[in-house]
1. Just a yes or no: is a residue in the stretch 69-80 part of a loop (DSSP other than H, G, I, E, B), touching a Cys at 6+ places or on another chain (Cβ under 6 Å) and buried (at least 18 other Cβ atoms within 10 Å of the Cβ)?
2. Output the residues belonging to the stretch 1-21 that are hydrophobic (A, V, I, L, M, F, W, C), surrounded by 14 or more Cβ atoms within 10 Å (Cβ to Cβ) and part of a loop (DSSP other than H, G, I, E, B).
3. Taking the stretch 81-121, which residues are part of a loop (DSSP other than H, G, I, E, B) and either more than 18 Å from Asp61 (Cα to Cα) or hydrophobic (A, V, I, L, M, F, W, C) (or both)?
4. Got a number for residues in the stretch 80-113 being over 13 Å from the mean Cα position of the chain (by Cα) and among the β-branched types (Val, Ile, Thr)?
5. Please work out which residue is nearest to Val109 (Cα to Cα), limiting yourself to the stretch 57-68 and to residues that are in a loop (DSSP other than H, G, I, E, B) and open to solvent by 20 Å² or more (accessible area, probe 1.4 Å).
6. Being among the hydrophobic types (A, V, I, L, M, F, W, C) and either part of a loop (DSSP other than H, G, I, E, B) or open to solvent by 60 Å² or more (accessible area, probe 1.4 Å) (or both) is the filter here; which residues of the stretch 22-56 pass it?
Amino acid sequence: MPIHKVLVVDDSPTELANIRSILSDSGLEVVSASSGEEAVNKARAERPDLIFMDIVMPGMDGFAACREISHDSATKDIPVVFVSVKNQKADRLWAQMQGGRGFISKPFVPDDIIEQLKAFQ
């Protein structure tokens, strides 16, 4: 499936801008959210082709947001790639159990983001 629109979710404006820049430079349309709740709403409204999501956020965290997205019939087919400082084996396993389809550890390099894009193209 070709990737045209990507939702980026992170409560850090710096991380959000960094990932946005990498994706925009790749010619993609980028939509952003700064919380789990906003991510769920934007996933439903925008129907992105792929989501890059932080885990540690105030309110609804990335795990809970991914669970909601992957259990909603309207958004369940949108792959979620976690981008997080939580990079223990248990975190990766839990991410997968919540419906995550990929995992990038922070700090990352632009190629990490691009590799995940290519994996879903």
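The values are calculated or read from the model by the stated rules, or taken from the named source; none is laboratory data. Only a predicted model underlies this, so the values are computations on that prediction, with no experimental measurement involved. Cβ: placed from backbone, ideal geometry, glycine included. Neighbour counts: every protein chain shown. Side chains are part of the model used for accessible areas, which takes the heavy atoms of the whole protein and leaves out ligands, DNA and RNA. Shrake-Rupley method; radii C 1.70, N 1.55, O 1.52, S 1.80 Å.
1. The initial filter retains those residues of the stretch 69-80 that are part of a loop (DSSP other than H, G, I, E, B), namely 72-79.
After this cut, where a residue has to be touching a Cys at 6+ places or on another chain (Cβ under 6 Å) as well, the list is none.
The answer is no, given that none of the residues of the stretch 69-80 is part of a loop (DSSP other than H, G, I, E, B), touching a Cys at 6+ places or on another chain (Cβ under 6 Å) and buried (at least 18 other Cβ atoms within 10 Å of the Cβ).
2. Ile3
3. Quick first cut of the stretch 81-121, residues part of a loop (DSSP other than H, G, I, E, B) only: 85-88, 98-101, 106-109, 120-121.
Scanning the stretch 81-121 gives Val85, Pro107, Phe108, Val109, Phe120, Gln121.
4. 2
5. Just the residues of the stretch 57-68 that are in a loop (DSSP other than H, G, I, E, B), to begin with: 57-61.
Okay, now just the ones that are also open to solvent by 20 Å² or more (accessible area, probe 1.4 Å), so 58-61.
Details: Pro58: 25, Gly59: 28, Met60: 26, Asp61: 23 Å.
Across the stretch 57-68, the extreme among qualifying residues is Asp61.
6. As a first pass, look at the stretch 22-56 and keep what is among the hydrophobic types (A, V, I, L, M, F, W, C): 22-23, 28, 30-31, 33, 39-40, 43, 45, 50-53, 55-56.
Passing the criteria: Leu28, Ala45, Ile55, Val56.
To keep it simple, each residue is scored yes or no on (1) more than 25 Å from Leu93 (Cα to Cα); (2) touching a Pro at 6+ places or on another chain (Cβ under 7 Å); (3) touching a residue at least 24 places away in the same chain (Cβ under 8 Å); (4) basic (Lys, Arg).
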position	(1), (2), (3), (4)
Ser12	no, no, yes, no
Glu15	no, no, yes, no
Ser26	yes, no, yes, no
Ala39	no, no, yes, no
Ala45	yes, no, no, no
Pro48	no, no, yes, no
Asp54	no, no, yes, no
